[in-house]
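Novice: One structure, as structure tokens, below. Some questions next.
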């Protein structure tokens, strides 16, 4: 993919565990108030390709320049996995992805 117009939306997946659950919940609540994003369910188990507990923020390409800096400043040490949605799930979760915090090994079989 070389044309950014192929990006339909973005997902920012916020990863957490039992020790960081309260920080993740607080960030989720704040994001819901302050960002133009759809806030997803709070999964206290690994879901899909994600190796940790997580929730997602889905947003339009026009919001990227607002949401990414906001997450950089407010993620409170949580790992955030960011990817576009172009229709190629494997590429979107690998070649086209970006991480804030520690990279995690994804379960790519869940995307195939």
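Novice: I need to check one value: relative contact order of the chain, counting alpha carbon pairs closer than 8 Å and at least 6 residues apart, in percent.
Specialist: Details: 170 pairs, mean separation 38.0, N = 112.
Relative contact order for the chain comes out at 34 percent.
Novice: Follow-up. Please give the length that would be gained between residue 60 and residue 36 if that part of the chain were fully extended, namely 0.36 nm times their separation in residues minus their C-alpha to C-alpha distance (nm, one decimal).
Specialist: 7.8 nm
Novice: Can you tell me what the convex hull of the Cα atoms of region 19-103 projects to on average, as an area in nm²?
Specialist: Numbers: hull surface 22.1 nm².
The directionally averaged projection comes out at 5.5 nm².
All of the numbers you see were taken from the coordinates with simple rules; none came from a lab. As the structure is a computational prediction, the values presented were derived from the model and not from experiment.
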